[in-house]
Amino acid sequence: MSNVAMKAMRDALIEGVYRRMQDDRRIFFLSADMGAPVLDKLRADFRDRFINIGIAEQNLINVATGLALEGFVVYAYAIAPFVLRAYEQIRINLALSSQIRQLNVNIVGTGAGVSYDVSGPTHHCLEDLSVMRTLPNIVVCSPSDSCLAQLFVDYSIHTKKPKYIRLDGKPLPFIYNESMAPSFEKGFYELVKGDKACIVSSGYMTHMALEISKEIEDKSIGVVDIFTIKPIDEMSLFEILKSYKTVITLEEGFIGKGGLDSLVLCLLNDLQADVRVKRFGFKDEYLFKVGSRDFLHNQSGFDKKSVRDWILNECL
């Protein structure tokens, strides 16, 4: 892994925003007292359009909404689990108001899933996909690498709706490159085409899905990376998934609570596909044991070995 190029999604996205701010004076960047070396340059060079709101996520959304109502493109940056402190403001100021007014607010939450692994349950973010998916008029994005995170910047400027983008807190290897042309409007990318079973994943878990597919050498396991959780091109996704006997959902969130597994289950049920679905993710409980990401996955039964063994025993 040490020889693999890696980059933090946060750095890629902020670098992209910085470049756009040089030519577009409509762009504001707000921070809930978050710092990063890549953010220091933005703060220094755009003092008139960078605001440190402080540790006050509710006010972060309030100020972002006010700027958006004046026609600005706003990025509101905070730790992902603490974005949920502002649920009321996101619901009323953004989800509700954007149904009658155009608002371009981009909530950037870093530390998705258990990427802040050793910080404990207060810093794990396992509810956000379910919470944000339930709100009308909110675009929900979950990129799997820094290439997608940077591509989000152009999409976010041109798509004049409130958005929530969840970023992993750790540097990760690249999955995408410019020749692949992933589309946020489509919302997913078929990374590996299989024939017996398909893993549908998002964010960090797509890296695990690709490793599992590679380790099962008979090329039977497909991988679909979903990076726009809402909205998504459902018919195009259905055309891929309906050809498999088994679809496995893999997510760093609570299963059965409205997240990625619910998206896939509802789609296959509504279109009456004869496809078995197996869901992997966190159980309905918080994780008080302290350990690495792999340790936390293992505690909930969806570490790489457990998922791979289930596929080998049940699908092949």
Cα-based radius of gyration of segment 6-173 once divided by 2.2 N^0.38 Å, which approximates compact folds: 0.94
Per-residue ³J(HN,Hα) for segment 207-220, Karplus 6.51 cos²θ - 1.76 cosθ + 1.60, θ = phi - 60°, Hz, x for Gly and Pro: 5, 5, 4, 5, 5, 5, 4, 5, 6, 8, 6, 8, 6, 8
Segment 60-202, relative contact order [Cα under 8 Å, separation at least 6], %: 25 percent
Percent antiparallel among DSSP beta bridges (both partners in segment 6-160, rounded to 5): 5 percent
Listed peptides 45-51, 280-286 by packing density, highest first (mean Cβ within 10 Å): 280-286, 45-51
Relative contact order computed over segment 160-313 (Cα-Cα under 8 Å; 6+ residues apart), in percent: 20 percent
Neighbour net charge for Leu67 - beta-carbon separation under 11 angstrom, K R +1, D E -1: +1
Gained length - Asn298 relative to Leu96, 0.36 nm times residue gap less alpha-carbon distance: 68.8 nm
Residue order, fewest to most beta carbons within 10 Å, for Cys141, Cys147: Cys147, Cys141
Neighbour-count ranking [beta-carbon atoms within 10 angstrom, fewest first] of Ser262, Ser156, Ser98: Ser262, Ser98, Ser156
Stretchable slack from Ala36 to Ile55, in nm (0.36 nm times residue separation minus alpha-carbon distance): 5.3 nm
Antiparallel bridges, percent of DSSP beta bridges restricted to the chain (to nearest 5): 20 percent
Structure-derived mean projected area of the Cα convex hull in nm²: which label, when the choices are (1) 15.8; (2) 18.4; (3) 22.2: (1)
Highest-first arrangement of 254-260, 91-97, where packing means the average Cβ count within 10 Å: 254-260, 91-97
Packing-based exposure ordering (other Cβ within 10 Å, fewest first) of Tyr75, Tyr18: Tyr18, Tyr75
Mean Cα-pair separation over length for the chain, i.e. relative contact order, pairs under 8 Å, 6 or more apart, %: 17 percent
For segment 307-316, 3J(HN,Hα) per residue [Karplus equation, 6.51 cos²θ - 1.76 cosθ + 1.60, θ = phi - 60°, Hz, x = Gly/Pro]: 5, 4, 5, 5, 4, 4, 7, 10, 10, 10
Estimated dipole of segment 174-262 in Debye, rounded to 20 [Cβ of Lys and Arg +1, of Asp and Glu -1, Cα centre]: 200 debye
Listed residue (Gly259, Thr206, His297) projecting farthest to the positive dipole end of segment 185-314, Cβ model: His297
Two-site FRET efficiency, Glu70 against Ala273, from Cβ-Cβ distance with R₀ of 45 Å, rounded to 0.05: 0.45
Long-range HN-HN contacts of Ile199 with modeled amide H, under 5 Å: Gly222, Val223, Val224, Ile248
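Computed from the coordinates by the stated procedures, all read-outs in this text should not be read as laboratory data. Computed from a predicted model, the values in this text were never measured in an experiment. FYI the Cβ positions are ideal-geometry reconstructions off the backbone, even for glycines, and counts take in every protein chain you see.
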